[in-house]
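Undergrad: Below you will find the structure I want to go over with you.
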Amino acid sequence: MMDKALRVLQKYFGYSQLREGQEKVITSLLQGSDTLAIMPTGAGKSLSYQIPALLFEGVTLVISPLISLMKDQVDALKEFGVSSTFINSSLTLRETRSRIEQAGRGEYKLVYVAPERLETESFGELLESLHISFVAIDEAHCVSQWGHDFRPSYLRLGPFIQGLPRRPLVGAFTATATEGVKQDIIRHLRLHNPKIFVTGFDRPNLTFSSLRGENKKVFLLEYVQAHPEQCGIVYAATRKEVDALQAFLTGKGIKAGRYHAGMNDMERQESQEDFLYDRTPVIVATNAFGMGIDKSNVRYVIHFNMPKTMEAYYQEAGRAGRDGEPAECILLFSPQDVVLQRHMIEQTTLHPERKVNELKKLQEMVDYCHTTRCLRKTILEYFGENDVPEECGNCGNCKDDRETVDITVEAQKIFSCIYRMRERFGMNLVAEVLKGSRAKKVLDLKFDQLSTYGIMRQAAVQDIKDCMNYLITENYLRLTAGEYPLIKLEPKVVPVLKGEAKVFRKVARKIEKKNIDPQSLFERLRALRRTIAAREKLPPYMIFADNTLREMAETCPGERTALLRINGVGERKLEKYGREFLAEIQAYVQGH
Ligand code: ADP
Ligand code: ZN
């Protein structure tokens, strides 16, 4: 049975081995068991249902929440030589009917369906003629109110499946592992004695770091500048922030796009495509961006603001490095984010029990930002994995080599100023007073008469604020809740003011510059890929993934069979692109 699966894997997708999690899930499905597969983003969920779909008789329905995902997946499958189609609200009834008829004639093995379609009765009737052997439900956590992406139409899935003339095999796929979500999936989707598999959540090629007290804008700019030619996603919390950051980066000459729900469909589509096609290497976006973006060569994901939950964080950060090549996930923490998120949760009309749940999740996210333990271990334990080594050696905390400086004097100045202002003001005003500003509010309140007025005159206001942020993250200071947070002193400041304790700060992280040699074979293959992609009107990563190009560059295959042995080169791609890539490799080899 596994032989067949491996043959399909090699023939269409060009891979020689299944990953451990995939093998278990595929075996379970081929044995005919309903299956719940919990796999982190990038672990290879799609193949886990596509391979069974290709082996089963009849048609597989793939339920998938986003229209953009469907079109992408159908396009990508086409490149692999697999014919599939999608049905969503963008089609007329006639088109829908004709696609179903074609599937009935065996022209499509997979039909991607938006869950909203299931709400119309006529759709169920249309499907009656079809031999549906398997229903694969992608992003299955959308069925749960406890998840972070609840979609009411997912609740229709259970009854829909039950209503089919012959009950198909059901597979549910998600990256969310919490117990409540798991139980909801089993119950609402009415899975029959499901086999449950939780794939290792580790993504060894991702380097995680969480940075506190950085000047976020400066960091972002320097990072993006140090990684030219590389694709990255910058997540920000609000539309306004997205617009501002994109304008900021563009103003500095960086090709950056933006994406959020406030833009119209066309603008969004355009931004998304520019990013997928590597035309704008950087995209600044809210969390509306990404579900279903399976661009495999994203080299970094920077969170400019902290997300609400670890699930959301790991899913968004996990969009980096799906091709298995090294990639970075950086979270820029600032205490204001916590205040804002808490405020938003408290303002919602959620049931009190759910509010408590959300606040707890938020706290777990904040803890992640503050831990000095290995970040990978922290993540994996959160997702329920035990036996994780103490140190991974490949996260910001394991390899923190930043220099430590003594900032006791600055801290004392800030603490006394807050004390003299009676802890009744926000961070901005405190910074103005320390700087010695002549702003009206400062003068009106007679703060220019305080002994702490202007005692940090040499520093920039932003640096003073950065320093305060750092002191907040280290629990010397605290921001109150609410829309206009006040800055307060914590007990930890007392020994510092008395001169009995010192305060240390790690200086800003050094950003390593990536050097790119345009003459290297890898870069030449990338350039060729770009040309082909433009010609085929496809995103470059759909031609070949970065790691496939890397393997080509390392092994320099000289003829077709050698090229076919490279991971990611299947029969169809060999036919379509083999000649051009072999020629480029040969030209390079001759030149050296
Ligand atoms: P998920 O849906 O779980 O986020 P994908 O299905 O998009 O992940 O797969 C992530 C990447 O891993 C894709 O680029 C895919 O081609 C690659 N991949 C999946 N399975 C394998 C495999 N067995 N061997 C090599 N690469 C694989
Ligand atoms: Zn680590």
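The values are calculated or read from the model by the stated rules, or taken from the named source; none is laboratory data. Note that this is a predicted model, so its numbers are computed, not measured. Virtual Cβ from ideal backbone geometry, glycine too; neighbours counted across all protein chains shown.
Undergrad: List every residue pair whose Cβ atoms lie under 9 Å apart, where the two residues are 6 or more positions apart in sequence or sit on different chains, the first residue falls within the range 380-406 and is within 21 Å of Gly318 (Cα to Cα), and the second residue, located anywhere, is more than 16 Å from ligand 1 (Cβ to nearest atom) and at pLDDT below 80.
TA: These pairs meet every condition: Gly396/Arg509.
Undergrad: Also, quick follow-up: Of the residues that make up the range 402-414, is at least one charged (D, E, K, R), modelled with pLDDT under 90 and within 24 Å of Lys182 (Cα to Cα)?
TA: For the range 402-414, residues charged (D, E, K, R), modelled with pLDDT under 90 and within 24 Å of Lys182 (Cα to Cα): absent.
Undergrad: Scanning for something at pLDDT 95 or above and among the polar types (S, T, N, Q), does the range 45-59 turn up at least one residue?
TA: yes
Undergrad: Filter the range 172-202 down to the residues that are among the charged types (D, E, K, R) and out of contact with any strand residue (DSSP E or B) (no Cβ under 9 Å at 6 or more places or on another chain), then identify the one that is farthest from ligand 2 (Cβ to nearest atom).
TA: Arg187
Undergrad: So the check is Cβ under 9 Å with 6+ separation or different chains; which pairs have a first residue in the range 472-499 that's over 18 Å from Arg420 (Cβ atoms) and a second one that's among the acidic types (Asp, Glu) and buried (at least 17 other Cβ atoms within 10 Å of the Cβ)?
TA: Taking only residues 6 or more apart or on different chains, the pairs are Lys492/Glu474.
Undergrad: Now for a separate question. So which strands (runs of 3 or more DSSP E) are wholly in the range 185-292 and hold at least 3 residues that are under 30 Å from Pro518 (Cβ atoms)?
TA: Correct list: 206-212, 231-235, 256-259, 282-285.
Undergrad: So, one more: Considering only the range 117-152, state which residues are at pLDDT 85 or above, touching a helix residue (DSSP H, G or I) at 6+ places or on another chain (Cβ under 8 Å) and within 30 Å of Glu311 (Cβ to Cβ).
TA: Once the filter is applied, which keeps residues that are at pLDDT 85 or above, touching a helix residue (DSSP H, G or I) at 6+ places or on another chain (Cβ under 8 Å) and within 30 Å of Glu311 (Cβ to Cβ), the range 117-152 yields Arg117, Phe134, Val135, Ala136, Ile137, Asp138, Ala140, His141, Cys142, Val143, Ser144, Arg151.
Undergrad: Just give me the residues in the range 368-420 being away from ligand 2 (no atom under 11 Å from the Cβ), assigned to a loop (DSSP other than H, G, I, E, B) and under 30 Å from Ile38 (Cβ atoms), in sequence order.
TA: Result: Phe383, Gly384, Glu385, Asn386, Asp387.
Undergrad: Please report, ordered by residue number, the helices (runs of 4 or more DSSP H) entirely within the range 20-120 with at least 1 residues that are of a type in the set (D, E, K, R) and within 19 Å of Ile185 (Cα to Cα).
TA: 45-55
Undergrad: So, in the range 258-274, how many residues would count as being touching a strand residue (DSSP E or B) at 6+ places or on another chain (Cβ under 9 Å) and within 24 Å of Lys308 (Cβ to Cβ)?
TA: 6
Undergrad: Next question, about the same structure. From the list Ala583, Ala527, pick out the single residue that is free of Cβ contacts under 8 Å to residues at least 40 places away in the same chain and within 30 Å of Gln272 (Cα to Cα).
TA: Ala527
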